[in-house]
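Working notes, beginning with the structure itself.
The values are calculated or read from the model by the stated rules, or taken from the named source; none is laboratory data. As the structure is a prediction and not an experimental result, all values here were calculated from the model. Neighbour counts are summed over all protein chains in view; Cβ atoms, including those assigned to glycine, are modelled from backbone coordinates with ideal geometry. The area values use the complete protein model at the heavy-atom level, side chains included, leaving out ligands, DNA and RNA. Shrake-Rupley method; radii C 1.70, N 1.55, O 1.52, S 1.80 Å.
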Amino acid sequence: MSATAETLDRLIKQDYKPGFVTELETDTLPPGLNEDVIRAISKKKNEPEFMLEWRLSAYRHWLTMMEPHWAFVEYAPVDYQAISYYSAPKTTDHPKSLDEVDPKLLETYNKLGIPLYEQEKLAGVAVDAVFDSVSVATTFKDKLAQAGVIFCSMSEAIEKHPDLVRQYLGSVVPAGDNFFAALNSAVFSDGSFVYIPKGVRCPMELSTYFRINAAKTGQFERTLIVADEGSYVSYLEGCTAPMRDENQLHAAVVELVALEGAQIKYSTVQNWYPGDEEGRGGIYNFVTKRGDCRGARSKISWTQVETGSAITWKYPSCILRGDDSVGEFYSVAVTNHRQQADTGTKMIHIGKNTKSTIISKGISAGRAQNSYRGLVKILKSAENARNYTQCDSLLIGDRCGAHTFPYIEVKQPSAQVEHEATTSKISEDQLFFCQQRGLSAEDAVSMIVNGFCKQVFKELPMEFAVEAQALLGISLEGSVG
Amino acid sequence: MSALSHSLYVDSYREPATNEPAWLSRLRRQALARFEASGFPSPRDEEWRYTHVAPIERKLFTAATGSADTDAAEALIESCRIADAWSLVFVDGMFVPELSERHGLPAGVTLESLASLLALSEADGNAAWLESGLERETESDRHGFLDFNTAFFTDGAVLRLEEGVALEKPVQLFFVSTRNDGRATLRNLIRIGRNAEARVVETHVGPPETGYLGTVVNQIEVADNGGLNHYKLQLDGGRAYHFGGSYARVARDGRFGHHLLSLGGLLVRNEVHARLGHAAQTEMNGVFLSENRQHVDNHIRVDHDEPHGSSRVSYRGILEDRSRGVFQGRIVVHADAQKTDAEMNNRNLLLSDDAEIDTKPQLEIHADDVKCAHGVTIGQLDPDSVFYLESRGIDAATAREMLTFAFAAEIVERFGPLRERLRGLLLARFPNAQ
Amino acid sequence: MNTLLRIENLHARVDGKAILKGIDLTVKPGEVHAIMGPNGSGKSTLSNVLAGRSGYEVTEGTVTYRGQNLLDQPPEQRAREGVFLAFQYPVEIPGVSNIYLLKAAYNAIRRHRGLNEVDALDFLKLVKEKTRMVDLDEQFLYRGVNEGFSGGEKKRNEILQMAILEPTLCILDETDSGLDIDALKVVANGVNALRSPERAFILVTHYQRLLDYIKPDHVHVLAHGRIVRSGDASLAHELERKGYGWIEAAAAGA
């Protein structure tokens, strides 16, 4: 192995720190999936009839669908009857404040570096904490309510704001959109709901922290963010899970709706358990994320740092429906050991003068496979549409793979589409050059990796940039943000 | 739907002539069985996502019987004959020796019709290499057209160069179609020996108002340090269906150039695949031009199997009217292919409101010490350039034509020794650009 | 103390092939040594061996730098001890800004010497001053290391780094190759400005032209892995007149 690979191996082989389990009494449905299970989930959540009907029709549609296999990933078949579709800590029935939340749960979030109490005191970020199937706490609700912002768990939204939910749920990702989205629509248990009223700039960053804890369960959360005309919101999402030998399924759906002149910035730091060096265990992360720039001059921006999960299948997308709307996708995906990621985006240009930018950085080490798959589609109506795509891959070691699969479909002659891609490795020459200037090999690799990712890191909100830095195990140079 | 209609072709299968070797009958029957099971490719197949071949299935294009119409063919041939070249001519799938030119071939060169070699193969010792040549898997992306071709090919060209033979003149292979609703199914074998070199110009041509199906598969081997420049002139008539696939294996230090001018046909698929050995090189240059309701799909795959190989793929598309162009390129760098240097580039001009381009340039990389890049652009003619020419007194239509021709001609400039002659063919499409 | 660098009977191989076949060289503080020779004589190998590049195997001999065995130190330690190599082909590092590399390197060296890290403002002042000296626009500080630089800009960037890191032993590996006369003068001026009684230079060069601008104290001719002639600056002029042929012939015959 070359000096480069050794150095990077050392850097990447850090412990998976969120790998602990919280011992709790839980209310868990037995494994298996049928209409009764869906009725039971709906009943536990006191859902109105329309939700149950929606879930059942999604389930019936799902039964007719096949799991997709076009992605560049390989995994053992998932037994959908061996998974429990609902698991909740017993003590979470609608706590009115953090004081009513089970201290063990608060402790869990403290250990994960998300101290809910402190977050509540520092006027920085409002947090919704989702633990297995349910939301356990949402901070800053009152302060947000003063601005007219609704930020709560999806269960609560269905109860308290059924009209909004009915109007927007499934309007971006229809229940039968794809295999995993249909499954999610049938069984989703919780997630976050955000509504920003007309003309409101959300006064703080919103954030949801997803935690899988229970064994043999799947997590199927559903997030819906609606930004009404002229509003702005920045939303952050983090994810962790315990270390286990078995694979666990995470099939989430995220829907974003941006009305006229609205802006949504959605950032993810995904650190689900990736499995061990030999590829045992880890989360299957099969996620559908899509934003709809429904109004003119709206903007949706996805930023993701993906370091976790055994398998990632994820394409955060933008439907650029409104004229002059803008879609952005910034991604760093790191795979190591036996991880496999097939991730990218779709930019569907429908409105006139729509613009999209895609910056994707893939880093592959160990025996990992890292694929970029992206679709840029310019429909006939999208006069003067513009897309710029850049996807770069960095290879470390000689047993990993980096692949680039762009799809570009253009039906409008005034469109301008540019795509550039490069694949390279950290070269011995670069390392020696840095060492000759007095830097250690570790620092040199950090510096090069960081330089490679910089275009994406600068899109992350400050708090997440720090977390992303810790995740990559590299020291970021001074001025991120 | 397809299961029913492709069975028309299966039903039309006849056991070939009795003088065909038994191993070939076996290959044909195996291919037919696969074709019967899966039919022609469908858009559900990722590699055929943008190209629907249902119209071929709906019809039954029939093979010619009797003798070829050489009078009609002759004029077509003369319209695109390269001066000073050896040639083999196939009309409607049948070899026409009297139109072919083989005088003065040097020693160590075989240039012959496949059918006649097969008939003689037991006697003259060609059997072994013909069998291994034809039996060789077209490794990647096997699909219905390949099986169809194996089951139904009637003839084809064989070019074999022994070690060290460098052909001074190009070899032009003509595939002429003349019959409405006819099909021509051909299989060519090209084998370039060690240190040998050749230029082959594969030419497809037919009348403008005739609908026919041509499927031609080239199996190409380039031995150590050999070189082949393979030109493909796809000049079919506007109602023609064409599938052409070239499958090349290039050994150590070998060179394989593929130069495509795809100008004709209604529904066209041009495939070229190359597997590269140690320090082998490939350069693939293509221009595709489509108008009316043409659909042209260019499919490329390069496999770097061993270290130090290089590949350069540059394709340009010009889409007019209601036509649709497809570029699907895939460079695969396998785990042992360290120090690979690969580049793929596809640029497209969309010249009409109703034209469409779908492009998918892909890199699949399993080695780490490589330099790979790909790029795509889609756009229109630069309005500033058009205006600049107009301001010098050139009318807008001519200005656009000049710029479009220049866009395509940049690729033809890379065509190597035959570029001057091929430039003329391209220019015929842009009469005002001169 | 009066010797900075002592190379004795140095043999080295690259890919199993013997390139250096017994080099002896002594460099004192304040001296400028020019090492000349035809392509393939081992000049770049000598530079790379001194800087500690991997892939160069020392099979025999010793290199003593400030009384220490240089050869058993990793490259970054040599750099921190004051050995600077200006690369023949400076490396591009996309995304890492020039100024960031400089600051990281500068502080690594200061820490090694037990000094405090310098604060950002003071550092910027220092860098701007040196940037003017090598006639580089300040915008180069904020671009990726050598990313998209012209050949001449890369070489000036090497001199800039040398000026900031203030090494004790500067090895310039064909820094003059590929430069036009104006860029050559900038490089030469940079070197001349850095000459001091404590600092020594080894100028590895293929062309005599550099020595019109930097006057060496000693000139050595390398051929077939050995130093075959040593002399003062006049030896360079002799080579200019006669070429390398006679030296090579003499070396081959020896």
Quiz item: Taking a ≥ b ≥ c as the square roots of the eigenvalues of the Cα gyration tensor of the range B:2-276, is the shape rounded (a/c under 1.5), prolate (a/b larger than b/c) or oblate?
Solution: rounded
Practice problem: Place a +1 charge on the Cβ of each Lys and Arg in the range A:320-445 and a -1 charge on the Cβ of each Asp and Glu, then give the dipole magnitude about the Cα centre in debye, rounded to the nearest 20. | Solution: 500 debye
Quiz item: What is the dipole size for the range C:103-182, taken about its Cα centre, with +1 at each Lys and Arg Cβ and -1 at each Asp and Glu Cβ, in debye to the nearest 20?
Solution: 440 debye
Exercise. Place a +1 charge on the Cβ of each Lys and Arg in the range A:2-476 and a -1 charge on the Cβ of each Asp and Glu, then give the dipole magnitude about the Cα centre in debye, rounded to the nearest 20.
Key: 1060 debye
Exercise. Using the charge dipole of chain C (Lys, Arg: +1 at Cβ; Asp, Glu: -1 at Cβ; taken about the Cα centre), state which of C:T62, C:I23, C:L102 has its Cα farthest towards the positive end.
Key: C:T62
Quiz item: Considering amide H positions built from the backbone, and no H for Pro or chain starts, which residues 5 or more places from C:G22, or on another chain, come under 5 Å of its amide H?
Solution: C:L10, C:H11, C:A12
Quiz item: In whole Hz, what ³J(HN,Hα) sequence does the range B:316-325 give by Karplus (6.51, -1.76, 1.60; θ = phi - 60°), x for Gly and Pro?
Solution: 10, x, 10, 10, 10, 6, 9, 7, 9, x
Quiz item: What list of ³J(HN,Hα) values in whole Hz, one per residue of the range A:293-305 in order, does the Karplus curve 6.51 cos²θ - 1.76 cosθ + 1.60 (θ = phi - 60°) give from phi, with Gly and Pro shown as x?
Solution: 7, 7, x, 4, 6, 8, 8, 10, 10, 9, 10, 9, 10
Practice problem: Name the residue farthest towards the positive end of the dipole of the range C:103-254 from the options C:G245, C:P167, C:Q139, assuming +1 on Cβ of Lys and Arg, -1 on Cβ of Asp and Glu, about the Cα centre. | Solution: C:P167
Practice problem: Could you tell me the largest-minus-smallest coordinate of the C-alpha atoms of the range B:244-294 on each of the three principal axes, in descending order and whole angstroms? | Solution: 44, 15, 8
Quiz item: Which residue, C:V219, C:V228, C:V187, has the most motion in a Gaussian network model of chain C that connects Cα atoms within less than 10 Å?
Solution: C:V228
Quiz item: Taking the Cα centre of each part, how many Å lie between the range B:71-134 and the range C:26-58?
Solution: 62 Å
Self-check item: Heavy-atom accessible area per residue - chain C, 1.4 Å, Å²
Solution: 43 Å²
Quiz prompt | DSSP beta bridges in chain A [antiparallel fraction, %, rounded to 5] | solution = 10 percent
Practice problem: Using a 1.4 angstrom probe, figure out how much accessible area the range A:138-178 has per residue, in square angstrom, rounded to the nearest whole. | Solution: 44 Å²
Practice problem: In a Gaussian network model over chain C where Cα atoms closer than 10 Å are linked, find which of C:D212, C:D182, C:D232 has the largest mean-square fluctuation. | Solution: C:D182
Quiz item: If one takes the longest principal axis of the Cα atoms in chain C, at what angle in degrees, from 0 to 90 and to the nearest 10, does the Cα axis of helix C:120-133 lie?
Solution: 50 degrees
Quiz item: Given the convex hull of the Cα atoms of the range B:61-194, what is a quarter of its surface area in nm²?
Solution: 9.4 nm²
Exercise. Given the options C:D24, C:D122, C:D217, state which has the largest fluctuation in a GNM of chain C using a 10 Å cut-off (strictly under) for Cα springs.
Key: C:D122
Practice problem: Please report, in whole Å, how far the alpha carbons of the range B:383-434 spread along each principal axis, starting with the longest. | Solution: 36, 18, 13
Quiz item: Near the amide H of B:G237, under 5 Å away, which other amide H atoms are found, from residues 5 or more places off or on another chain, if H is placed in the peptide plane?
Solution: B:G206, B:G265
Exercise. Assign one of three labels to the range C:5-253, namely rounded, prolate or oblate, based on the Cα gyration tensor with a ≥ b ≥ c the square roots of its eigenvalues; rounded applies when a/c is under 1.5, prolate when it is not and a/b is larger than b/c, and oblate otherwise.
Key: prolate
Self-check item: Global form of the protein assembly as shown, assessed from the alpha-carbon gyration tensor, a/c cut-off 1.5
Solution: oblate
Quiz item: Which whole-angstrom value gives the distance between the alpha carbon centres of the range B:320-350 and the range C:174-216?
Solution: 46 Å
Self-check item: the range A:129-274 - percent relative contact order, Cα under 8 Å, separation 6 or more
Solution: 26 percent
Exercise. Calculate one ³J(HN,Hα) per residue across the range A:307-313 by plugging θ = phi - 60° into the Karplus curve 6.51 cos²θ - 1.76 cosθ + 1.60, and present them in order as whole Hz with x for glycine and proline.
Key: 10, x, 6, 6, 10, 10, 9
Quiz item: What pairs in A:K104/A:K314; A:K299/A:K355; A:K361/C:K155; A:K17/A:K111; A:K355/A:K411; C:K17/C:K154 have C-alpha atoms more than 21 Å from each other?
Solution: A:K104/A:K314; A:K361/C:K155; C:K17/C:K154
Quiz item: For the charge dipole of chain B, defined by +1 on Lys and Arg C-beta atoms and -1 on Asp and Glu C-beta atoms about the Cα centroid, which residue among B:L228, B:G39, B:S25 has the Cα displaced farthest towards the positive pole?
Solution: B:G39
Quiz item: For chain B, what are the DSSP H helices with axial Cα length of 18 Å or more and mean Kyte-Doolittle hydropathy of at least 0.0?
Solution: B:396-412
Self-check item: Percent of beta bridges antiparallel (DSSP, the protein assembly as shown, rounded to nearest 5)
Solution: 15 percent
Quiz item: Hey, what angle do you get for helix C:98-112 against the long axis of chain C, alpha-carbon based, 0 to 90 degrees rounded to 10?
Solution: 80 degrees
Practice problem: Quick one: angle between helix C:233-242 and the longest Cα principal axis of chain C, in degrees between 0 and 90, rounded to 10, please. | Solution: 60 degrees
Exercise. List the residues whose amide H sits under 5 Å from the amide H of B:G329, counting only those 5 or more places along or on another chain, with H placed 1.01 Å from N in the peptide plane.
Key: B:I300, B:K360, B:Q362
Quiz prompt | Ellipsoid equivalent to the range B:45-116 - semi-axes via the Cα gyration tensor, in Å | solution = 31, 18, 14
Exercise. Post the alpha-carbon centroid distance, the range B:18-49 to the range A:326-343, in whole angstrom.
Key: 39 Å
